[in-house]
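> One structure coming up, written as C-alpha coordinates, with questions to follow.
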Amino acid sequence: MAIHRVEVPDGSPVFGETTSAFARFGHAPAVRSNGLLFISGQIGRRADGVPGKTAEEQTELALRRLEEILRLENLGFADLVEVTSYHVDIRENMAGFLAAKQRLVKEPCPAWTIIGVSGLAGPELLVEIQATAARPDGTARSHHPTPGPGGDA
(Lines give C-alpha, C1' and ligand atoms only; values in the text may rest on other atoms or scores of the structure.)
Protein backbone atom coordinates (compact mmCIF):
# COMPACT_ATOMS: atom_id res chain seq x y z
CA MET A 1 0.00 0.00 0.00
CA ALA A 2 1.54 3.29 -1.13
CA ILE A 3 1.23 6.22 1.26
CA HIS A 4 2.15 9.76 0.22
CA ARG A 5 2.49 12.69 2.61
CA VAL A 6 1.10 15.88 1.06
CA GLU A 7 3.20 18.99 1.68
CA VAL A 8 1.95 22.57 1.60
CA PRO A 9 4.71 24.58 -0.08
CA ASP A 10 6.45 27.40 1.76
CA GLY A 11 5.05 30.73 0.66
CA SER A 12 1.52 29.38 0.16
CA PRO A 13 -0.78 32.42 0.00
CA VAL A 14 -3.40 30.53 2.05
CA PHE A 15 -1.15 28.98 4.73
CA GLY A 16 1.67 31.55 4.82
CA GLU A 17 3.77 31.28 7.97
CA THR A 18 1.39 28.77 9.57
CA THR A 19 2.95 25.82 7.69
CA SER A 20 5.44 25.47 10.57
CA ALA A 21 2.60 24.12 12.73
CA PHE A 22 2.67 20.80 10.84
CA ALA A 23 6.24 20.11 11.97
CA ARG A 24 5.66 21.57 15.43
CA PHE A 25 2.69 19.29 16.07
CA GLY A 26 4.19 16.34 14.15
CA HIS A 27 1.58 15.71 11.46
CA ALA A 28 1.07 16.00 7.72
CA PRO A 29 -1.45 18.43 6.22
CA ALA A 30 -2.83 15.41 4.38
CA VAL A 31 -1.95 11.84 3.46
CA ARG A 32 -2.89 10.17 0.18
CA SER A 33 -3.40 6.40 0.03
CA ASN A 34 -5.33 4.06 -2.26
CA GLY A 35 -7.19 6.84 -4.07
CA LEU A 36 -8.23 8.58 -0.83
CA LEU A 37 -6.95 11.85 0.59
CA PHE A 38 -7.10 12.12 4.39
CA ILE A 39 -6.91 15.80 5.37
CA SER A 40 -5.85 16.79 8.88
CA GLY A 41 -8.02 19.19 10.86
CA GLN A 42 -7.88 22.72 9.48
CA ILE A 43 -8.42 25.75 11.67
CA GLY A 44 -9.46 29.33 10.99
CA ARG A 45 -6.14 31.17 10.94
CA ARG A 46 -5.05 33.66 8.31
CA ALA A 47 -1.70 33.24 6.53
CA ASP A 48 -0.12 35.54 9.15
CA GLY A 49 -1.28 33.20 11.94
CA VAL A 50 -4.00 35.49 13.29
CA PRO A 51 -7.32 33.67 13.85
CA GLY A 52 -10.57 34.95 12.39
CA LYS A 53 -12.65 37.02 14.80
CA THR A 54 -15.97 35.16 14.36
CA ALA A 55 -17.09 31.58 13.83
CA GLU A 56 -18.12 32.51 10.28
CA GLU A 57 -14.70 33.98 9.46
CA GLN A 58 -12.86 31.06 11.07
CA THR A 59 -15.03 28.58 9.16
CA GLU A 60 -14.29 30.34 5.88
CA LEU A 61 -10.55 30.38 6.63
CA ALA A 62 -10.57 26.68 7.59
CA LEU A 63 -12.51 25.80 4.43
CA ARG A 64 -10.07 27.85 2.30
CA ARG A 65 -7.18 25.90 3.83
CA LEU A 66 -9.01 22.64 3.13
CA GLU A 67 -9.67 23.83 -0.43
CA GLU A 68 -5.95 24.63 -0.89
CA ILE A 69 -4.92 21.11 0.16
CA LEU A 70 -7.50 19.69 -2.25
CA ARG A 71 -6.15 21.96 -5.03
CA LEU A 72 -2.60 20.73 -4.40
CA GLU A 73 -3.91 17.25 -5.18
CA ASN A 74 -5.97 18.39 -8.20
CA LEU A 75 -9.22 17.93 -6.29
CA GLY A 76 -12.02 20.21 -5.13
CA PHE A 77 -14.91 20.35 -2.67
CA ALA A 78 -16.96 18.08 -4.99
CA ASP A 79 -14.41 15.30 -4.30
CA LEU A 80 -15.04 15.34 -0.53
CA VAL A 81 -16.74 12.18 0.70
CA GLU A 82 -16.67 12.73 4.46
CA VAL A 83 -16.16 15.76 6.70
CA THR A 84 -16.08 16.15 10.48
CA SER A 85 -16.19 19.58 12.07
CA TYR A 86 -15.54 20.41 15.70
CA HIS A 87 -17.20 23.46 17.27
CA VAL A 88 -16.66 25.39 20.48
CA ASP A 89 -19.92 26.93 21.81
CA ILE A 90 -21.78 25.06 19.10
CA ARG A 91 -25.19 26.63 19.73
CA GLU A 92 -23.80 30.16 19.70
CA ASN A 93 -21.54 29.63 16.66
CA MET A 94 -23.62 27.34 14.41
CA ALA A 95 -25.26 30.16 12.41
CA GLY A 96 -21.88 31.61 11.42
CA PHE A 97 -20.52 28.17 10.55
CA LEU A 98 -23.53 27.37 8.37
CA ALA A 99 -23.36 30.73 6.58
CA ALA A 100 -19.75 30.12 5.51
CA LYS A 101 -20.34 26.44 4.71
CA GLN A 102 -23.36 27.16 2.53
CA ARG A 103 -21.48 29.91 0.70
CA LEU A 104 -18.46 27.73 -0.13
CA VAL A 105 -19.51 24.06 -0.22
CA LYS A 106 -22.02 23.26 -2.98
CA GLU A 107 -23.65 20.10 -4.29
CA PRO A 108 -22.69 17.33 -4.28
CA CYS A 109 -22.35 17.64 -0.52
CA PRO A 110 -20.26 15.10 1.41
CA ALA A 111 -21.34 13.18 4.48
CA TRP A 112 -20.78 15.60 7.38
CA THR A 113 -20.60 15.10 11.15
CA ILE A 114 -20.79 18.15 13.43
CA ILE A 115 -19.42 17.76 16.96
CA GLY A 116 -19.52 20.23 19.86
CA VAL A 117 -16.33 20.37 21.93
CA SER A 118 -15.20 22.28 25.01
CA GLY A 119 -12.03 23.54 23.34
CA LEU A 120 -9.54 23.23 20.49
CA ALA A 121 -5.74 23.64 20.23
CA GLY A 122 -5.92 27.33 21.16
CA PRO A 123 -8.47 29.22 23.29
CA GLU A 124 -9.19 31.63 20.41
CA LEU A 125 -10.17 28.82 18.01
CA LEU A 126 -13.87 28.15 17.42
CA VAL A 127 -13.90 25.55 14.63
CA GLU A 128 -11.72 22.80 13.16
CA ILE A 129 -12.56 20.84 10.02
CA GLN A 130 -11.07 17.51 8.93
CA ALA A 131 -12.04 15.68 5.76
CA THR A 132 -11.56 12.75 3.42
CA ALA A 133 -11.67 13.12 -0.36
CA ALA A 134 -11.71 10.46 -3.06
CA ARG A 135 -10.30 10.60 -6.57
CA PRO A 136 -13.19 10.35 -9.02
CA ASP A 137 -11.57 7.30 -10.64
CA GLY A 138 -9.89 5.99 -7.47
CA THR A 139 -6.40 6.41 -8.93
CA ALA A 140 -3.35 8.18 -7.63
CA ARG A 141 -2.59 11.74 -8.70
CA SER A 142 -1.40 11.76 -12.30
CA HIS A 143 -0.47 15.38 -12.98
CA HIS A 144 0.87 18.48 -11.25
CA PRO A 145 -1.41 20.93 -9.43
CA THR A 146 -2.54 24.06 -11.19
CA PRO A 147 -0.94 27.30 -10.04
CA GLY A 148 -2.60 29.01 -7.09
CA PRO A 149 -3.41 32.69 -6.63
CA GLY A 150 0.29 33.54 -6.30
CA GLY A 151 1.18 31.66 -9.50
CA ASP A 152 3.18 28.96 -7.71
CA ALA A 153 2.49 25.34 -8.55
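> Please find, within the range 46-64, the residue that is farthest from the chain's Cα centre (by Cα) out of those that are among the charged types (D, E, K, R) and in a loop (DSSP other than H, G, I, E, B).
Among them, the one singled out is 53.
> Can you pull out the residues in the range 16-45 that are assigned to a strand (DSSP E or B), within 17 Å of residue 121 (Cα to Cα) and small (Gly, Ala, Ser)?
Passing the criteria: 40, 41.
Yes/no per residue for (1) over 20 Å from residue 34 (Cα atoms); (2) acidic (Asp, Glu); (3) modelled with pLDDT under 95:
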{"residue": "79", "(1), (2), (3)": "no, yes, no"}
{"residue": "85", "(1), (2), (3)": "yes, no, no"}
{"residue": "105", "(1), (2), (3)": "yes, no, yes"}
{"residue": "115", "(1), (2), (3)": "yes, no, no"}
{"residue": "121", "(1), (2), (3)": "yes, no, yes"}
{"residue": "129", "(1), (2), (3)": "yes, no, no"}
{"residue": "132", "(1), (2), (3)": "no, no, no"}
{"residue": "148", "(1), (2), (3)": "yes, no, yes"}
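> List the residue pairs whose Cβ atoms are under 6 Å apart, where the first residue sits in the range 89-104 and is under 12 Å from residue 127 (Cα atoms), the second is open to solvent by 30 Å² or more (accessible area, probe 1.4 Å) and of a type in the set (S, T, N, Q), and the two are 6 or more positions apart or on different chains.
96/54
> Out of everything in the range 9-59 that is farther than 22 Å from residue 89 by Cβ, touching an Asp or Glu at 6+ places or on another chain (Cβ under 7 Å) and β-branched (Val, Ile, Thr), what residue ends up being surrounded by the most Cβ atoms within 10 Å (Cβ to Cβ)?
Ranking the candidates gives 14 first.
> For the range 65-115, name all the residues that are of a type outside the set (A, V, I, L, M), open to solvent by less than 20 Å² (accessible area, probe 1.4 Å) and part of a strand (DSSP E or B).
84, 85, 87, listed by residue number.
The values are calculated or read from the model by the stated rules, or taken from the named source; none is laboratory data. Predicted, not measured: the structure shown is a model, and the values here were computed from it. All Cβ positions, even for glycine, are placed from backbone atoms using ideal geometry, and neighbour counts span all protein chains on display. Only protein heavy atoms, including side chains, enter the accessible area calculation; ligands, DNA and RNA are left aside. Shrake-Rupley method; radii C 1.70, N 1.55, O 1.52, S 1.80 Å.
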